[in-house]
Number of protein chains: 2
Amino acid sequence: MRGLDEHRAAARALGAPLPAVEVDLLDAQGLVLAADVVTDSALPRWDNSAMDGYAVRAADVAAARPDEPVALRVVADLAAGSSATPQVLPGTAARIMTGAPLPPGADAVVPVELTGAGAASHADDVCARDEPAPAWADDAPVLVRQAVAPGAHVRRAGEDAAAGDVVLRAGTLTGSAVVGAAASLGRATLVVHRRPRIAVVATGDELVPPGTPLRHGQIPDSNSWLLAAAVSDAGADVLRLGPTSDDPVALRLLLAALDAGEHGQVDGIVTSGGVSVGAYDVVKAALADEPGVEFVRVAVQPGKPQGLGRLPGGTPVWTLPGNPVSVAASFEVFVRPALLRMRGLTDVERPRVRAVAAGAWRTPPGRAQVMPARRAAPSALAEPAAHAGPAALSALTGLAASYDPRVPVQPASARGSGSHLVARLAAAHGFAIIPADVDEVRVGDTLEVFWT
Amino acid sequence: MRGLDEHRAAARALGAPLPAVEVDLLDAQGLVLAADVVTDSALPRWDNSAMDGYAVRAADVAAARPDEPVALRVVADLAAGSSATPQVLPGTAARIMTGAPLPPGADAVVPVELTGAGAASHADDVCARDEPAPAWADDAPVLVRQAVAPGAHVRRAGEDAAAGDVVLRAGTLTGSAVVGAAASLGRATLVVHRRPRIAVVATGDELVPPGTPLRHGQIPDSNSWLLAAAVSDAGADVLRLGPTSDDPVALRLLLAALDAGEHGQVDGIVTSGGVSVGAYDVVKAALADEPGVEFVRVAVQPGKPQGLGRLPGGTPVWTLPGNPVSVAASFEVFVRPALLRMRGLTDVERPRVRAVAAGAWRTPPGRAQVMPARRAAPSALAEPAAHAGPAALSALTGLAASYDPRVPVQPASARGSGSHLVARLAAAHGFAIIPADVDEVRVGDTLEVFWT
């Protein structure tokens, strides 16, 4: 039998970053930058005000004190977006809003809170009930009641990025902050790795679409739905096909059509069922003559019978077993990392954390186990976990602040790892990975877990 | 000033679970079940085979040994999906595939690997190159070479769930395993809380769409893009509007139209900009007469000026400040939890973890800080973190297995927390929350962090 990690590596290697495409900003969300993004201009583009207030010459207000204000003539009114460039000469100031360009001559900003105008303010109508009314005034001189240092409350051009800087690196996942930064650079599009489109094929003559009345022996197809959702969750588009019949010729033709692009772009195919030693194992039969596809037994439970490879047209194929829990576990450890690689990610494995077994079970000798696992209540452990965080850190209220990495976990089903326990699978929060050389898990054992 | 947690609670409380709707299975993905899902039938629906092999009467093969096989006449051939119900009488067996109903009379399954047929096998053409050929045969008797206990390799009806069991609980987030379980129950639809649709309005006369040539004083709108992506990331649909002008009358009309449903269903409105003490603070001006909306200063940096409430039609509104880092931080701590509540989730806060400061900075006295933070290289800490996991657990190769909860972090920008540093924000992995009573972070301090 092939080792779990060997097969994981082979399965993952079938995914390679897809070609770059240029897409609109929001269409890039969840995709990965395929090229560095360089800024053409400094950010900020010009010195600008960090506050609502008055642009001044700092030397003019060096002697200002609350009870001995300095009066400056207001020569301009600079909203953010103003294209005016009034000169601020000695003895003058320009009213300025946050973000507006600092006018020539000015070298500091006095926040409006540190000023008091000589005339009545018009600010009342724009200020909320619990705000102190700031000292805005038209025409009247502004009274500055505190000195400011040169550069005070000024955002310097280029302090976020200089022209020519790489602001966003190839390989970065496009999240909201990346979208925001790209927009700030004036980019309406981003160059990203194309989103994979993955065909999902569930096989089995016993399967009928959910909602269809069942004859004796029939069951609803769940694998094509589970896989479609899992593919989507992995950030790929999905073409769901199935259930298909157990006719190897028909399946061979379907796979060839997918490989030839007859169903649109298909970057990979995931099948379920038909890879074991049964007489009706349709996937094995359909692909038996494909030199690029191998069927192997992997030292893992569930999910021992596996196949993978490439069809003649180069399309990767992963053939998973047919039991729902096997499908879910196999997708997680074999297919998902490859799909993330297609998207251009390099960190494609779920982070694993330590957990503590809150139940005991036996595991198959010589095979690793990928056990659907559920976070248990802390009381499921006889003793409190060792690394509980200091209570002082939980002072902020209303938080789900769990500092304890030693989460108690138990199998999702009290029935253990039965690969048909699809209802219990839905109660799992993730999977525990038990190495092949462990035959038994005892309460309190440290486990390696990943959450899904 | 209002405390951070008080405002967080008020902002979160504006989100309430949206009404239930029935949607197709895959459309339910990412939404939250609004009703328990009960199974009408037992799962599995009938006793069925866990293996490819032969359904037998265990008593018939009690004496079987590898060198003294028991021969049984094969009376039927049961593929999964077969509706046949052949009687397995003493001395007979039925060939059976995984998942096929156990035929009447049989009480155990002998895996094909434990049999050897008397005649030539036809299995070669369906088996892969590295598989042992199983002993399938037509017509010939099957030779059983090992005894099996009653019940062996039989999946009992109802062992996953009994008829009437609640299989999926209201409040469960619909992931791939939930989709799979629902399909297994024969459900083609699920009842979920409706997905929120959130309007995003960026204000500011200085803003132009990204890609538009800039006059002096203009900058590209980034907030409406950042917020649209953040809303989408929070699982809601988005109606992106903006940038809008600084005319309070026009903005008042736009908000009233959104509240009245003139732009389709709108479950909430997020604005950026125009809530400070400036003379052009358009959002404050537009909403000054709304009794259901309040503007407050919150003891947090960035993001001090905030507003929230409900418009006359009941639409929640969150008015965030205009600097991009303030927008991102305010969305995270004030808006996102409310959107998750609308989706029907109850665990709406990002999990917080401990981290170690790899940099030092001062924080504003009397205000909490929501600092864009970046995971630093481990070498950024002088000493190794205390809780490094046992190396033995990292034995599985190829894993990003980090057991150390004490991640070193540093501010996303060496310039600190400037709320205009949008390019640096894109380098953040999350935010560190520094309590209001902390004025200074030193290297090695324990921090509370959440990843985004």
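Calculate the tail of P(r) for chain A: the fraction of all Cα-Cα distances greater than 44 Å, expressed in %. Mind showing how you got there, number by number?
Working: 40224 of 101926 pairs.
The answer is 39 percent, as a whole percent.
Can you tell me the order of A:183-192, B:234-243 when each peptide is scored by its average per-residue count of other Cβ atoms within 10 angstrom, highest first? List each step's numbers first, then the result.
Details: A:183-192: 22.5, B:234-243: 19.6.
Packing order, densest peptide first, comes out as A:183-192, B:234-243.
Interface residues of the range A:1-50, defined as those losing at least 40 Å² of solvent-accessible heavy-atom surface relative to the isolated chain (probe radius 1.4 Å), are listed as A:D5, A:L26, A:Q29, A:R45, A:W46. Contact residues in the range B:200-214 (at least 20 Å² less accessible area with all protein chains than alone, 1.4 Å probe): B:E206, B:P210, B:G211, B:L214. Can you say what percent of the DSSP beta bridges in the protein assembly as shown, counting only those with both residues inside, are antiparallel? Round to 5. Here the share of antiparallel DSSP bridges comes out near 65 percent.
Here chain A has 52 percent of its accessible surface on carbon and sulfur atoms, given a 1.4 Å probe and all protein chains in place.
The accessible-area loss of the range A:436-452 on complex formation, taken against its chain alone with a 1.4 Å probe, reaches 40 Å² or more at A:E448. Here the peptides B:16-29, B:201-214 are ranked by packing, the mean other Cβ count within 10 Å, and the order with the highest first is B:201-214, B:16-29.
For the B and A pair, go ahead and give the buried accessible area with a 1.4 Å probe, both sides summed, in Å² to 100. Show your work: numbers first, answer last.
On the way: alone 21760 and 21780 Å², together 33930 Å².
For B against A, buried area totals roughly 9600 Å².
Within a straight-line Cα-Cα reach of under 27 Å, A:K284 can be paired with the following lysines, leaving aside sequence neighbours fewer than 8 residues apart in one chain: A:K304.
Averaged over B:168-179, how many beta carbons belonging to a partner chain fall within 10 Å of each residue's beta carbon?
Values: counts 3, 2, 0, 0, 2, 0, 2, 8, 17, 18, 5, 11.
Average per residue, whole number: 6.
Approximating the spin labels as points 7 Å out from Cα along Cα→Cβ, the B:V438-to-A:D237 distance works out to 4.5 nm. For B:G292, inter-copy separations between label points set 7 Å beyond Cα along the Cβ vector come to 5.9 nm, shortest first.
Taking the C-alpha atoms only, the angle from helix B:248-259 to the longest principal axis of chain B is near 20 degrees.
Can you give the charge dipole size of the protein assembly as shown about its Cα centre, rounded to the nearest 20 debye, using +1 on the beta carbon of Lys and Arg and -1 on the beta carbon of Asp and Glu? Write down the numbers at each step before the final one.
Details: 76 positive and 96 negative charges, 229 e Å.
Approximately 1100 debye in magnitude.
By the helix-only formula, in which each DSSP H run with n ≥ 4 contributes -39500 (n - 2.57) and the sum is divided by residues, chain B has a 222 nm mean residue ellipticity of -4000 deg cm²/dmol. Distances between copies of A:H263, taken at a point 7 Å out from Cα along the Cα→Cβ vector and listed shortest first: 3.9 nm. The C-alpha atoms of chain B define a longest principal axis, and helix B:4-13 lies at about 60 degrees to it.
Treating only the Cβ atoms of Lys and Arg (+1) and Asp and Glu (-1) as charged, compute the dipole magnitude of chain B about its Cα centre; round to the nearest 20 debye.
Numbers: 38 positive and 48 negative charges, 284 e Å.
I would put it at about 1360 debye.
Taking the DSSP beta bridges with both ends in chain B, the antiparallel portion is around 65 percent.
Considering only B:T315, B:A182, B:P372, and ranking their Cα positions along the charge dipole of the protein assembly as shown that arises from unit charges at the beta-carbon of Lys, Arg, Asp and Glu, the one farthest toward the positive end is B:P372.
Taking every residue in A:80-87 and counting other chain Cβ atoms within 10 Å of its Cβ, the average works out to 5.
Highest mean first, how do B:44-51, A:346-353 rank when packing is the count of other Cβ atoms within 10 Å averaged over residues? Mind dumping the intermediate values first?
Numbers: B:44-51: 21.9, A:346-353: 16.5.
Result, highest mean Cβ count within 10 Å first: B:44-51, A:346-353.
Shielding by partners for B:423-435, please: the mean number of other protein chain Cβ atoms within 10 Å of each residue's Cβ. Don't skip to the answer; put the middle values down first.
Numbers: counts 16, 7, 7, 16, 7, 2, 2, 0, 0, 0, 3, 0, 4.
Mean shielding by partner chains, rounded to a whole number: 5.
With the label put 7 angstrom out from Cα along the Cα-to-Cβ vector, A:D437 ends up 5.0 nm from the copy partners, going from closest to farthest. Note that the range A:21-95 presents 42 Å² accessible area per residue, ligands and nucleic acids not counted, probe 1.4 Å.
The values are calculated or read from the model by the stated rules, or taken from the named source; none is laboratory data. Keep in mind that what you see is a predicted model, and the values were worked out from it rather than measured. Cβ: placed from backbone, ideal geometry, glycine included. Neighbour counts: every protein chain shown. Note: accessible area is taken over every heavy atom of the protein model, side chains too, but ligands, DNA and RNA are not part of it. Shrake-Rupley method; radii C 1.70, N 1.55, O 1.52, S 1.80 Å.
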